[in-house]
Amino acid sequence: MTETRLSPGDPAPTFTLPDADGSPVDITSYRGQRVVLYFYPAAMTPGCTTQACDFRDNLSSLQAAGLNVVGVSKDTPDKLAGFRERDSLNFPLLSDEDLAVTKAFGAYGERKLYGKSVTGVIRSTFVIDADGKIEKAMYNVKATGHVAKLRRDLGIDG
C-alpha cells in the first residue's frame, strides 16, 4: 500500500472533525493563521503522552510565534476528553475515528514498531500556512524531542 505524502506548497486537505467535547472543528476556521497539525497513534500511551505534554509545555512560545496547535488521533471524543483532563492539555484534540483525515495527510500506512513492520498511524506533523498550504511536512517523527526540533526548524527561540 502506498501512501500519498504531502510536500511543502501542497494544499492541505480540508476537514471537519469532532473535538474532545464532540463539537465540530473545521480546519478552514484557522485560515489567516498558521497551524501545527499533528497526528499521533493513541491517546494516553507513553509516547503520545510525552509528545502532547511537550506541545502543552511549549504552547505559549508557539502561539507567540503565531502558531496554533491541533492534535488528531483515531480515539473517540470521550477518550480525548479524558486525555485532555488527565494531562491538562491546552489545545484542541480531534477525533478521526475512520482515519479518513489521517489517510488524506499520508499519516497512515506501514511503519516500524519495535523493529516489526505494522500498518497504522504514522506519527506525523504538518505546519499549515495562513493560506491553507503545507509549509512543512514531517513523517515518522519521534515523540521525544520533536517539539524542540520543530522549534529549531521554524526558528522559534525558547
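Brief remarks follow.
- Flag if Thr144 is touching an Asp or Glu at 6+ places or on another chain (Cβ under 6 Å), polar (S, T, N, Q) and not in a strand (DSSP E or B): no
- Restricting attention to the range 92-111, the residues that are in a loop (DSSP other than H, G, I, E, B) and buried (at least 16 other Cβ atoms within 10 Å of the Cβ) total 6.
- The number of residues in the range 37-63 that are over 14 Å from Val147 (Cβ atoms) and out of contact with any Phe, Trp or Tyr (no Cβ under 6 Å at 6 or more places or on another chain) comes to 5.
- Top-ranked residue in the range 4-27 [being touching a Gly at 6+ places or on another chain (Cβ under 7 Å) and at pLDDT 95 or above; ranked as nearest to Phe83 (Cα to Cα)]: Ala12
- Considering the conditions (1) hydroxyl-bearing (Ser, Thr, Tyr); (2) closer than 23 Å to Asp21 by Cβ; (3) touching a residue at least 24 places away in the same chain (Cβ under 8 Å), Thr76 is excluded by exactly one of them, (3).
- Entirely in the range 1-91, the strands (runs of 3 or more DSSP E) that have 2 or more residues that are surrounded by 13 or more Cβ atoms within 10 Å (Cβ to Cβ): 16-18, 34-39, 67-73
The values are calculated or read from the model by the stated rules, or taken from the named source; none is laboratory data. In this text the structure is predicted, and so the values were computed from the model without any measurement. Quick reminder, even Gly has a Cβ in these numbers, built from the backbone with ideal geometry, and neighbours come from all protein chains shown.
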